[in-house]
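The next block holds one structure in the form of structure tokens; read it before the comments.
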Amino acid sequence: MKFKVDQELCIGCGACEGVCPEVFEMRDDDKAYVIKDPVPAELEDNALESEESCPVEAICHE
Ligand code: SF4
């Protein structure tokens, strides 16, 4: 499964990293980035939780 963060939408709240730091990382620009691509099967549920936790729906997956 592949996840993407739309940095244009991201407001830098940090929720995704809080839920799944193995996949999402906050950087100096206060935006979240995906650091595992593709996301390994064992982290998919956790990454989906991050997607749901995003208040501006900046995360999507395929
Ligand atoms: S949860 Fe959404 S808005 Fe918050 S840091 Fe992650 S991608 Fe950005």
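A compact table of results
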{"read-out": "Unique residue being more than 12 Å from the ligand (Cβ to nearest atom) and buried (at least 17 other Cβ atoms within 10 Å of the Cβ) when the list is 34, 39", "value": "39"}
{"read-out": "Sole residue being of a type in the set (Gly, Ala, Ser) and touching a strand residue (DSSP E or B) at 6+ places or on another chain (Cβ under 7 Å), chosen from 41, 58, 15", "value": "58"}
{"read-out": "Options 57, 22; residue that is assigned to a loop (DSSP other than H, G, I, E, B), more than 11 Å from the ligand (Cβ to nearest atom), at pLDDT 95 or above and of a type in the set (D, E, K, R)", "value": "22"}
{"read-out": "Residues (surrounded by 13 or more Cβ atoms within 10 Å (Cβ to Cβ) and not aliphatic (A, V, I, L, M)) located in the stretch 50-59", "value": "50, 51, 53, 54"}
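The values are calculated or read from the model by the stated rules, or taken from the named source; none is laboratory data. The structure presented is a predicted model; accordingly, all values stated were derived computationally and were not measured. Please note: Cβ atoms are built from the backbone with ideal geometry, for glycine as well, and neighbour counts cover all protein chains shown.
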